[in-house]
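Report on the structure given below.
No lab work stands behind these numbers, since they all come straight from the coordinates. All figures in this text were calculated on a predicted structure; none of them were measured in a lab. Virtual Cβ from ideal backbone geometry, glycine too; neighbours counted across all protein chains shown.
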Amino acid sequence: MGRGLPDTSRALHLQTYAKRRVGRSQMPEPTRRFVTSGDAIVEQLPWGPHEWISRPDIVAAKHLLLVRVRMPAGQAHAFHRHPHMEEIVYVEQGMAEQWVDHDARMLGPGEAAHIPVNTVHGTYNAGPSTLVFLAILSPADAEGPALIDMSQEAPWNTLRRSRSGPDVEECASG
């Protein structure tokens with residue numbers, strides 16, 4: 001039924017989210033209303049650098065998380081789910097093979113996908129260059145695990161191999 005801490009890369013991602021929750025009472029409440037590039041917090045994760053623009057230790061947003069991900073060619077944030085958060089993935093640059101449940105679509109710049117709470121999804125860089133996308137998640141202070149890896153569970157461990165190619169819908173711009 002999914003793994004909360006399957007390997008080092010997933011553990012790093014979970015630690016990122018855990019840092020937001022642990023010790024919040026000791027952290028001063030951020031009062032910033034504008035975020036400059038110098039204010040963003042960059043974390044290196046196996047599927048690419050994450051530039052956090054909105055999270056509780058950066059701004060006073062209680063309901064929104066915003067991160068810009070720069071995913072190198074050949075990388076992916078494989079099938080996973082957020083048990084208590086919904087998400088929007090918005091592509092800024094490159095091509096994403098975006099899965100939401102059993103449906104896949106190629107997304108190009110200016111296109112987005114909505115992922116409902118607890119829905120398995122994955123983002124794969126489908127192009128030869130870096131994929132840049134925004135991930136907007138809510139709520140920012142969800143209880144429980146932020147992410148559960150599903151990439152080694154059936155049917156997710158074989159779904160992409162059986163459906164990629166002609167069955168993946170092309171985006172309108174590509």
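Some observations on this one:
- Projecting label points 7 angstrom from Cα along Cα→Cβ for residue 37 and residue 93 puts them 1.1 nm apart.
- The ellipsoid that matches the Cα gyration tensor of the range 97-148 has semi-axes, each √(5λ) in whole angstrom, of 22, 13, 10, with the longest given first.
- Summing Lys and Arg as +1 and Asp and Glu as -1 over all other residues whose Cβ lies under 9 Å from the Cβ of residue 116 gives a net charge of -3.
- Computed over the range 62-140, the ratio Rg/Rh where both radii use C-alpha atoms and Rh is Kirkwood: 0.95
- Estimated vicinal HN-Hα couplings, Hz - the range 50-63 in sequence order (Karplus 6.51, -1.76, 1.60; Gly, Pro = x): 10, 9, 6, 9, 9, 6, x, 8, 10, 10, 7, 5, 9, 10
- Coupling constants for the range 88-98 follow from the phi torsions by the Karplus curve (6.51 cos²θ - 1.76 cosθ + 1.60, θ = phi - 60°), and in residue order they are 10, 10, 10, 7, 9, 8, x, 10, 10, 8, 9 Hz; glycine and proline get x.
- Local net charge near residue 139, Cβ-Cβ under 11 Å (Lys/Arg +1, Asp/Glu -1): -2
- Net dipole in debye of the range 100-161 [+1 Lys, Arg Cβ; -1 Asp, Glu Cβ; about Cα centre; nearest 20]: 320
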